[in-house]
Amino acid sequence: MDTLVLNGQPLTLAEIEAVAVGGRKVGIAAAAQQRMAASRALIEQIVATGQTVYGVNTGFGKLADVRISNDHLAQLQTNLVRSHAGGVGQPLSEPEARAMLLLRANVLAKGFSGTRVKVLRLLVDLLNAGVHPVIPEKGSVGASGDLAPLAHLALVVIGEGEAFYKGERIHGGEALRRAGMKPMQLAAKEGLALLNGTQAMVAVGGLAVARAMRLARLADVAGAMSLDALLGTPAAFDPRIQRARPHPGQIAAAAHLTALMQGSQIRESHREHCSRVQDAYCLRCMPQVHGAVRGALAHVASVLETEAGSATDNPLVFPENSFDMPGEAVISGGNFHGAPLSYALDYAAIAVTDLAGISERRIDRLLNPDINEGLPAFLSPDPGLSSGFMMAQIVAAALINECQVLAHPSSTGSIPTDGGKEDHVSMGMNGALKL
């Protein structure tokens, strides 16, 4: 594969997967380095002139009113990383950690974060060398972004924490040494620039949505085989029906199902003497249900891909607007808030749960002797003596129940944090993990 060159651009789920799962190499665009140099120069000008700017020479969150002297700015950033690395639970998978590194690097490449280019280079080097920070999966409320997960990522940047390297879980500094890299001494604003953002929920959620989109296509395959086995008719996949209700996902699912059924010998064997007018909904309505799932996932993918090319830290640096007051070109906002992602990830979980639900109904229809069109009870060669696939539907029912629990939205569960300063949060990381 060719190198993926980062310029702060939107990244497709396929590109994220290629790096996270496939090991595609990553580079940095020259234009990104130029933008980063301009925004970094503005930060250094602010430090030199003694202006008070949040994230540069102040405390954080509820402590934003505390001014920090210039001789403590580096320690401030290191302290921030250490104090916020308080996540718990199992580590994210290596693909998820790789996706986080990629996404965080791409945010810095946009040039709004005020970091030195060398910080971005180290993130890219970690990716290309296969040094993967150990990032506990729990502890983010999705505003101010994914603070705890990103802090664990940043620990390895400064030579602390833990990392996976060549299959071994070791100290972060040792992983850097073995890979031929040196830890970074963070300068003003750089710790905050690494911590503020939505990259954990985009990484976990994005890889999950990519898998879900494959599942939606796989459901068509399983559904077509079930329809054939149950002597059903593909008449409901007729393109005229779909054009009368032209949702793109429905049209695509119907076309896929039709292609899968093309030339079926089973279908031809009963076409002339088949008296059935309509099939059950789990068969007849596959274009509508599978198509709606496709539509939901396409929407969620578009949200994630937009986010992958968005500046989501705080404050943001706009050097072209600096004029004579550089402090006024560093603006505090809320791009770290995960609301767009949180809603979308809940939506995806609901859609995939229903995809599982209609699949379970087809399992039952194949096994249940009352409705399986004369197939052996539970597909057993000797019903009674052998229970056949009875347990397949029972296990599916158990899994459906788990899906239904996990489909409960996390985005409606805001709990104020940081002494009330962060009084509305997205819980988007929980949504990504549930998905």
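Listed by chain and number, the lysines whose alpha-carbon sits under 19 Å from that of K182, ignoring those within fewer than 8 places in the same chain, are K118, K166. Accessible-area rank, largest first, for S359, S387: S387, S359, with all protein chains present and a 1.4 angstrom probe. Computed from label points 7 Å out along Cα-Cβ, the spacing between R211 and E174 is 3.0 nm. Between K421 and V277, the simple label model (points 7 Å from Cα in the Cβ direction) yields a spacing of 6.8 nm.
For the range 238-309, relative contact order (Cα pairs under 8 Å, six or more residues apart, normalised by length) works out to 45 percent. For V5, the residues 5 or more places off, or on other chains, whose built amide H falls under 5 Å of its own are G27. Full extension of the chain between R243 and E44 yields a length gain of 65.7 nm, computed as 0.36 nm times the residue separation minus the alpha carbon distance. For helix 73-84, what angle does its Cα long axis make with the longest principal axis of the chain, in degrees from 0 to 90 and rounded to 10? The two axes meet at around 30 degrees. Extension gain, H299-M325: 0.36 nm per intervening residue step, less the Cα-Cα distance, totals 5.2 nm. May I ask you to list the residues of the range 177-202 whose amide nitrogen lies under 18 Å from a point 7 Å from Cα along the Cα→beta-carbon direction of K118? Answer for the range 177-202: 177, 180-194. Remark: the A30-Q75 segment gains 13.2 nm on full extension, using 0.36 nm per residue and subtracting the alpha carbon distance. Applied to the range 403-420, the Karplus parametrisation 6.51 cos²θ - 1.76 cosθ + 1.60 on θ = phi - 60° returns per-residue 3J(HN,Hα) values of 4, 5, 5, 6, 7, 4, x, 8, 5, 8, x, 4, 10, x, 9, 6, x, x Hz, with x for Gly and Pro. In the chain, the calculated helix contribution to ellipticity at 222 nm averages -17000 deg cm²/dmol per residue, counting -39,500 (n - 2.57) for every DSSP H run with n ≥ 4. Within the range 157-258, none of the GluC sites (Glu not before Pro) combine a DSSP coil assignment with at most 16 other C-beta atoms in a 10 angstrom radius. Seen against the Cα atoms of the chain and their longest principal axis, helix 30-49 is set at about 40 degrees. Here the accessible area of the chain is 58 percent carbon and sulfur, with a 1.4 angstrom probe and all protein chains present. When only Cα pairs below 8 angstrom with a gap of at least 6 residues are kept, the range 193-258 shows a relative contact order of 30 percent.
When the Cα positions of L230, G159, G384 are compared along the charge dipole of the chain, G159 comes out farthest toward the positive end, with charges on each C-beta of Lys, Arg, Asp and Glu.
Between D370 and A235, the modelled label-to-label distance comes to 2.6 nm, taking each label 7 Å out from Cα in the direction of the beta carbon. Using C-alpha pairs below 8 Å separated by at least 6 residues, the relative contact order for the range 279-434 is 22 percent. Per residue, the chain exposes an accessible area of 44 Å² to a 1.4 Å probe, with every protein chain left in place. Directionally averaged projected area (the range 299-435, Cα convex hull): 12.3 nm². Per residue, the convex hull spanned by the alpha carbons of the chain comes to 170 Å³.
The values are calculated or read from the model by the stated rules, or taken from the named source; none is laboratory data. Remember, it's a predicted structure, so these values are computed and weren't measured experimentally. Cβ atoms come from the backbone with ideal geometry, glycine included; neighbour counts cover every protein chain shown. Quick note on the areas: whole protein, heavy atoms, side chains included, nothing else; ligands and nucleic acids left out. Shrake-Rupley method; radii C 1.70, N 1.55, O 1.52, S 1.80 Å.
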